[in-house]
1. Within the range 126-170, restricting attention to residues that are among the charged types (D, E, K, R) and crowded, with 22+ Cβ neighbours inside 10 Å, which residue is farthest from MET210 (Cα to Cα)?
2. Can you tell me which residue within the range 148-173, out of those that are of a type in the set (Asp, Glu) and free of Cβ contacts under 8 Å to residues at least 40 places away in the same chain, is nearest to TYR72 (Cα to Cα)?
3. Considering only residues that are in contact with an Asp or Glu (Cβ under 9 Å, 6 or more places away or on another chain), closer than 20 Å to THR79 by Cβ and in a helix (DSSP H, G or I), which ones fall in the range 187-202?
4. Of the residues VAL209, VAL173, which single one is in a helix (DSSP H, G or I), modelled with pLDDT of 90 or more and surrounded by 14 or more Cβ atoms within 10 Å (Cβ to Cβ)?
5. Taking the options THR102, THR96, THR15, THR35, name whichever one is at pLDDT 90 or above, surrounded by fewer than 16 Cβ atoms within 10 Å (Cβ to Cβ) and among the polar types (S, T, N, Q).
6. Here are some residues: SER140, SER169. Which one is of a type in the set (Ser, Thr, Tyr) and either in contact with a Phe, Trp or Tyr (Cβ under 7 Å, 6 or more places away or on another chain) or more than 18 Å from ALA83 (Cα to Cα) (or both)?
7. As an exercise: evaluate GLN75 against (1) in contact with a Ser or Thr (Cβ under 9 Å, 6 or more places away or on another chain); (2) of a type in the set (S, T, N, Q); (3) not in a helix (DSSP H, G or I) and give the number of the one condition it does not meet.
8. One residue is enough: does the range 62-82 have a residue meeting the conditions modelled with pLDDT of 75 or more, more than 20 Å from the chain's Cα centre (by Cα) and of a type in the set (D, E, K, R)?
Amino acid sequence: MQSPRPSLIPSLDQTLRVADTALRAIFTLPHASRTCPTVPELPSDLTPAEKKHAAALMRVNHVGEVCAQALYTAQALATQDDALRRRLQHAAQEETDHLAWTRQRLDELGGRTSLLNPLWYAGAFGLGLLTGKLGGDRVSLGFVVETERQVEAHLQSHLERLPAGDHASRAIVAQMKEDEARHAAEAQHAGGIPLPAPLKALMRAAGKVMTTTAHYV
């Protein structure tokens, strides 16, 4: 007897979990499970111009973490593999730490989060769900690999652009970069397959639009 095909329609419990994650990522003050990286012996003493510049960069990083919450939540919803779902949910928890750290640093710098966070979340969620449903787990994991590698490169550029004296922001970004590299390696080890070059280029172009816009809005 042929086993029934899994439903493409999420259950009420799944829907409520997705809604809760979205509301927490966009509208509430997140709480980290790990202590925010700091360098207490190197206090950050910035000029007003440096604070404004650093806040813009950290706002972009915060948007990236909003998108990460959406991506991992959508892919966990799409998969029928319980082990993979737990792996994605664990990665999402670490991304919650990043969300909390960037939000905390934004507050310290006198900055604000992006006004377009609901839009960024919705777009990333849609991409994650579409990839998971249409491409399957290996493509979904490949999407994670490529996303995290592009984010890692983006964070490296921020380490080069942040004010040299902004030790607090630099410590956060450095830890985020380390975590993203690990997430990419784990997704590849779990079976992620390389994405076609045109799709990688499209992802880079979309990321450029997001980071450029979030720098100001």
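1. Within the range 126-170, the match that is farthest from MET210 (Cα to Cα) is ASP166.
2. GLU148
3. Correct list: ALA187, LEU199.
4. Details: VAL209 fails: surrounded by 14 or more Cβ atoms within 10 Å (Cβ to Cβ).
Checking each option against the conditions leaves just VAL173.
5. On the way: THR102 fails: surrounded by fewer than 16 Cβ atoms within 10 Å (Cβ to Cβ); THR96 fails: surrounded by fewer than 16 Cβ atoms within 10 Å (Cβ to Cβ); THR15 fails: at pLDDT 90 or above.
Every option except THR35 fails the conditions.
6. Working: SER140 fails: either in contact with a Phe, Trp or Tyr (Cβ under 7 Å, 6 or more places away or on another chain) or more than 18 Å from ALA83 (Cα to Cα) (or both).
Being of a type in the set (Ser, Thr, Tyr) and either in contact with a Phe, Trp or Tyr (Cβ under 7 Å, 6 or more places away or on another chain) or more than 18 Å from ALA83 (Cα to Cα) (or both) holds for just one of SER140, SER169, which is SER169.
7. The failed condition is (3).
8. Let us first name the residues in the range 62-82 that are modelled with pLDDT of 75 or more, namely 62-82.
Pick out the ones that are also more than 20 Å from the chain's Cα centre (by Cα) and you get 80-82.
Narrowing further to those that are of a type in the set (D, E, K, R): 81-82.
Within the range 62-82, one or more residues are modelled with pLDDT of 75 or more, more than 20 Å from the chain's Cα centre (by Cα) and of a type in the set (D, E, K, R).
The values are calculated or read from the model by the stated rules, or taken from the named source; none is laboratory data. Keep in mind that what you see is a predicted model, and the values were worked out from it rather than measured. Positions of Cβ are generated from backbone atoms using ideal geometry, with glycine treated the same way; all protein chains shown enter the neighbour counts.
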